[in-house]
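S.K.: Submitted below is the structure of interest, expressed as structure tokens.
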């Protein structure tokens with residue numbers, strides 16, 4: 001993501017877990033096919049498995065795989081949304097939810113589970129419900 005030179009936005013999102021989910025889905029899919037072939041090879045010839053059951057199993061597994069891929073894409077979309085949101089905080093005045101930390105935001109770090117904003121003084125604010133964000137500091141505040 002391109003951010004202008006005055007903005008400082010860093011990311012630490014977890015792409016390893018996304019890749020891991022995709023690998024697990026592939027392994028599981030391969031395992032399913034191996035099991036299906038083994039099941040077909042070893043079935044009782046006098047009472048074979050119904051072809052419609054095999055197709056239903058394959059369709060069910062295919063749906064699970066698609067759901068995993070959809071979740072991966074949603075994770076990427078949420079990470080991009082967090083980056084956009086984070087970059088908008090740089091240069092703005094922010095006050096923590098409990099009112100103990102306040103100041104103009106110098107940089108923002110995006111983690112997989114949240115956003116931490118750092119003020120010009122080096123104080124850190126967790127971006128969460130209840131924070132106050134403004135274009136400039138209210139009159140009478142430090």
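Okay, residues lined up against (1) outside the structural domain of residue 30 (by TED's automatic domain parsing); (2) more than 30 Å from residue 31 (Cα to Cα); (3) under 17 Å from the mean Cα position of the chain (by Cα):
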position: 71; (1), (2), (3): no, no, yes
position: 83; (1), (2), (3): no, yes, yes
position: 101; (1), (2), (3): yes, yes, no
position: 107; (1), (2), (3): yes, yes, no
position: 110; (1), (2), (3): yes, yes, yes
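S.K.: Taking the range 108-131, which residues are outside any loop (DSSP other than H, G, I, E, B) and farther than 10 Å from residue 92 by Cα?
M.R.: 108, 109, 110, 111, 114, 115, 116, 117, 118, 124, 125, 126
The values are calculated or read from the model by the stated rules, or taken from the named source; none is laboratory data. All of these numbers come straight from a predicted model, not from anything done at the bench.
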